[in-house]
Amino acid sequence: MEIAFDKLIRLQHVDIEINTISFLLEAIPGRTEAIDNEIKAAAEIIARAKEKLTSNQKKRRDLEGEVKDIKGQAAKF
């Protein structure tokens, strides 16, 4: 009779492991979707930062040109 109880106890442990693993497997699609959303958000932030960098570089070149012109005019006077 003890052998049957040992087998039932072992079966219960295996069943608990199966339930735990099933729960983890069910959570994977949600976690994957959340990670994908974070990646998309990060990619958008990077794209906006690159656009801003390009814009700032153009503004800097324009301002450097203005400074050069002003220095040229100041040298004439």
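Bear in mind that the values in this text are calculations on the coordinates, not laboratory data. These figures come from a predicted structure and were not determined experimentally. All Cβ positions, even for glycine, are placed from backbone atoms using ideal geometry, and neighbour counts span all protein chains on display.
Both radii were evaluated on the Cα set of the chain; the Rg over Rh quotient, with Rh as the Kirkwood radius, amounts to 1.74. For the options Ile45, Ile21, Ile35, a Gaussian network treatment of the chain with springs between C-alpha atoms closer than 10 Å singles out Ile21 as fluctuating the most. Once the Cβ-Cβ distance of Glu33 and Glu64 is raised to the sixth power relative to R0 = 35 Å, the FRET efficiency obtained is 0.15. Rounded to whole numbers, the Karplus 3J(HN,Hα) couplings from phi for segment 14-25 are 5, 4, 5, 4, 4, 5, 5, 5, 4, 4, 5, 5 Hz, using 6.51 cos²θ - 1.76 cosθ + 1.60 with θ = phi - 60°, and x at Gly and Pro.
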